[in-house]
Amino acid sequence: MKALKSLVRIGAIAGKEWLQIRRDTRSLILSLIAPALLILLFGYALTVDVKNVGMAVYDQDRSTLSRRLLEEFSHTEYLRVKRHISGYREMDRLIDSEEIALAIVVPRGFERRFKAGKSVDLQLIVDGSDSTSATVAMGYVKAILANFNMDIKVSELKRIGIAETKMPVEVKSRVWYNPELLSKNFIVPGLIVVVLSIISALIASLTISREWERGTMETLITTPVRAFELVFGKLVPYLFIGLFDVVITVLLGYLVFNVPIKGSFVELYMLALLFLIGTTSLGIIISSATRAQVLSVQVAIMVTYLPSFMLSGFVFPIQNMPLVVQGITYLIPAKYLIVIIKGIALKGVGAALLWTQILFLAVFAFIVVIASVRKLSLTLPEN
Amino acid sequence: MIRAENLTKRFGGATAVSGLSFDVHEGEIFGIVGPDGAGKSTLLRLIAGILVPDVGSVEINGVNVQRNPYLIKENLAYMPQRFGLYEDLSVEENIFFFGRLFGVSSREIRSRLPRLYEFSRLAPFRERLAGKLSGGMKQKLGLACCLVHRPGLILLDEPTNGVDPVSRREFWKILYGLLSEGVTIVVSTAYLDEAERCNRVALMYNGGFVVTGSPGEIKNGMGKTLIEITTDKVWEAESALRKEPEFSRVIREGTALRVFVERRLEGERRLRSLLKKHGIALRSVHEKTPTLENSFVEIIAEGEKNEGA
């Protein structure tokens, strides 16, 4: 009888909350549309792949060999030869206007010196103001040149009669789970987690403070509703929204960014639910503590966005952090869900292999739910 | 029904309720009257169990409110000054929500709806959002939400504050209807005419009850007589009386003046001689039954004078 009444009350709170969400355009946009927008926005913006770097070539030699060398640069998607120039002044202008990030200069007498058996120098000029792209682009150029050198050496050796040569050490690298080393494959799962934690905590953080601000809390606390019933009743509709957001964000990752889902979607879904229970309850705690909507929103963003962005291993590798900070990352639930999503989506592993992450998420959810029930006091504030 | 003992609540340095002890009997309307800031709301919140007293206790039907809040809440309805209706929910959704919170099944609520609509006359607005109701209708909806679970005790905190006179009268009709069903009502108000409608009234001032009793008892129990005089020179008479400490609390009532005196005959004699000195002729002198308002103002002023002395 008692349990039944409890269920009726939880149902009443959940039903009421659902009606309120449905009628509030602001929270609808925030909870249903914002996640998709964030994924698209960050998904396109946050890429560390360096592709299509604009370059110019300055061929002073205009020989067969120089043309053969420069030809190599047009066969890669990482670099794009935009201009053939005929002077340093033009190069200056192109770099200044950021049309190109690097330029190669083939000196006069390139072929002649080569044929004479002398070594020749190439000039590579790089725009260092964007150091990341510059370093990566330089790496591409060097790799292409190394290949070119190798080809020439081999054909040279063939010419003088040595048919087969062996390299002393040859590296055969294979990249697992992300063969093309696409950065979006690790950015999108991290992004999904960040967006889920912000949105779930944010929308939940409004719920109790709104009751205090509108004076409905004073009425609520005179009813027989218990703190845990209020928390559970509010948790239910927000979890549904959170789960909807999981579907949307994962689907967008799959359709727009081609992030594969190799493992079980159901497992991913269940574990995301576990994560959401924690973050949504966190929002409820914030809401009960601040009792003011504006403050709740600020606190919710502070405690979810920053940690899940910076301390979850999403952007900055955890093993590079100082030990103390590494310790703190164990308290960030986003860290575990990122591992889980990457594991399930990219590696196709089952939940069985992720049990440490699952355990941490479960402990986090449990503690936060208990804390949110305890934090929600059903008496009036003392002022 | 309710027994409060030595109830005290302080907020910081200010004492909102100080050492109150009183009883509310089953089936009566108990009015708490007093100016703003007297501590009426705090007292009601203490009774409802949503505020914890610093000292003292409240028992409802022998059950301690602070120790068994949930036992109490099932049978109690508390309507705060601004009833926390969900403005984005319709009239009917609000009623259902509060009904279910009190553990009433949806079917049961549906069967009680006609009654609730009958007294509140909200039936035509059942689909309207609560936020779009007028002030009087909101209060009636608040009351309807409080009554779905058929509580035995209702606490109303200034329910008619800011409500038009017609709605106020209707509201009180509803309360009398409930009373006839055996419901106990505690209502706070700043309107003295409403206090007059209660079975018993407590005048609250500075966190304490200055006087408690039925409106009649209070009016008669002061030991003073109210004299009403009429004269052609009302203004002059009033200012002359104001200057005398004895009559300084003269009350203007239309074209008549009212003063409380200790003894009828002696008072009248002094009044006449004082006005004569100012050359003001009296047209008539009567003894009057004071209104509750007259009595309260006098009681509070008397209390302040004694405190000052």
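Derivation of every value follows stated rules applied to the coordinates shown; laboratory data play no part. Just so you know, these numbers come straight off a predicted model, no measurement behind them. Note: ideal-geometry Cβ built from the backbone for every residue, glycine included; neighbour counts use all protein chains shown.
Couple of notes before you dig in:
- Modelled FRET efficiency - R0 25 Å, B:SER134 with B:ARG169, Cβ distances, 0.05 increments: 0.95
- Chain B: angle of helix B:165-180 to the longest principal axis, Cα-based, in degrees nearest 10: 70
- The mean count of C-beta atoms from other chains within 10 Å of the C-beta of residues in B:154-162, rounded to a whole number, is 0.
- For the listed peptides B:292-298, A:39-45, B:39-45, a ranking on the average number of other beta carbons within 10 Å per residue, highest first, reads B:39-45, B:292-298, A:39-45.
- Proximal charge balance of B:VAL55 [Cβ under 12 Å; K/R count +1, D/E count -1]: 0
- Counted as membrane-span-like here are DSSP H helices of chain A whose alpha-carbon atoms extend 20 Å or more along the helix's own axis and whose Kyte-Doolittle mean is 1.6 or above; these are A:227-255, A:265-290, A:355-375.
- Subset of B:LYS138/B:LYS288; B:LYS9/B:LYS224; A:LYS51/A:LYS158; B:LYS73/B:LYS173 violating a 31 Å alpha-carbon distance limit: B:LYS138/B:LYS288; B:LYS9/B:LYS224; A:LYS51/A:LYS158
- Ordering of B:157-170, A:327-340 by packing [mean C-beta count within 10 Å, highest first]: A:327-340, B:157-170
- Helix-derived mean residue ellipticity, 222 nm - over chain B, DSSP H n ≥ 4, -39500 (n - 2.57), to 500: -11500 deg cm²/dmol
- Dipole magnitude of the stretch B:223-289 about its Cα centre (Cβ charges: Lys, Arg +1; Asp, Glu -1), debye to nearest 20: 120
- Rounded to the nearest 10 degrees, the angle from helix B:264-277 to the longest Cα principal axis of chain B is 60 degrees.
- Placing unit charges on the Cβ atoms of the charged side chains and taking the dipole of the protein assembly as shown about its Cα centre, the candidate lying farthest along the positive direction among A:LEU337, A:LEU32, A:TRP176 is A:TRP176.
- Modelled this way, with points 7 Å down the Cα-to-C-beta line, the labels at B:GLU236 and A:HIS75 are 12.3 nm from one another.
- Relative contact order for the stretch B:1-82, counting Cα pairs under 8 Å that sit 6 or more residues apart, in percent: 33
- Inter-probe distance in nm under a simple model that places probes 7 Å from Cα toward Cβ, at B:GLU253 and A:VAL315: 7.7
- Computed packing ranks the peptides B:275-283, A:147-155 as B:275-283, A:147-155, most packed first, by mean other Cβ atoms within 10 Å.
- Peptide A:11-20 - average C-beta neighbours from other chains (10 Å radius): 4
- Full extension of the chain segment joining A:GLN123 with A:SER86 gains 11.9 nm, where the gain is 0.36 nm per residue of separation less the Cα-Cα distance.
- Share of pairwise Cα separations in the stretch A:136-281, more than 21 Å, in percent: 65
- Stokes-Einstein D (µm²/s) once Rh is taken as the Kirkwood radius of chain A over alpha-carbon pairs, at 4 °C in 1.567 mPa s: 52
- Rg and Dmax of the protein assembly as shown, based on Cα coordinates, read 40.8, 148 Å.
- Two-site FRET efficiency, A:LEU359 against A:LYS158, from Cβ-Cβ distance with R₀ of 41 Å, rounded to 0.05: 0.10
- Between the stretch B:245-309 and the stretch B:112-166, the Cα center-to-center distance that results, in Å: 42
- Gyration tensor over alpha-carbon atoms, the stretch B:136-268, equivalent ellipsoid semi-axes in Å: 38, 17, 12
- One decimal place: the segment A:SER131-A:PHE265 gains 44.3 nm when fully extended, by the rule 0.36 nm per residue minus the C-alpha distance.
- Over 18 Å between alpha carbons, listed pairs A:LYS118/A:LYS142; A:LYS234/A:LYS375; A:LYS335/A:LYS375; A:LYS115/A:LYS142; B:LYS277/B:LYS305: A:LYS118/A:LYS142; A:LYS335/A:LYS375; A:LYS115/A:LYS142; B:LYS277/B:LYS305
- Dividing the alpha-carbon radius of gyration of the stretch B:223-289 by the rule-of-thumb value 2.2 N^0.38 Å gives 0.96.
- Peptide B:89-101 shows a mean partner chain C-beta count of 4 within 10 Å per residue C-beta.
- With the simple spin-label model, which puts each label point 7 Å out from Cα in the Cβ direction, the A:SER183 to A:LEU46 separation comes to 1.2 nm.
- Paramagnetic reach from B:ASP54 (point 7 Å along Cα→Cβ, amide N under 14 Å) across the stretch B:199-233: B:207-208
- Note on B:SER106/A:ARG23: beta-carbon distance plugged into 1/(1 + (r/R0)^6) with R0 of 30 Å gives a FRET efficiency of 0.90.
- Set of lysines with alpha-carbon distance to B:LYS132 below 22 Å, sequence-local pairs under 8 removed: A:LYS16, B:LYS140
- Mean residue ellipticity (222 nm) of chain A, computed from DSSP H runs ≥ 4 via -39,500 (n - 2.57), nearest 500: -20500 deg cm²/dmol
- Summarising the overall dimensions of the stretch A:44-130 from its C-alpha atoms, the Rg and Dmax are 14.3, 50 angstrom.
- Around B:THR255: net Lys/Arg minus Asp/Glu count, Cβ-Cβ under 12 Å: 0
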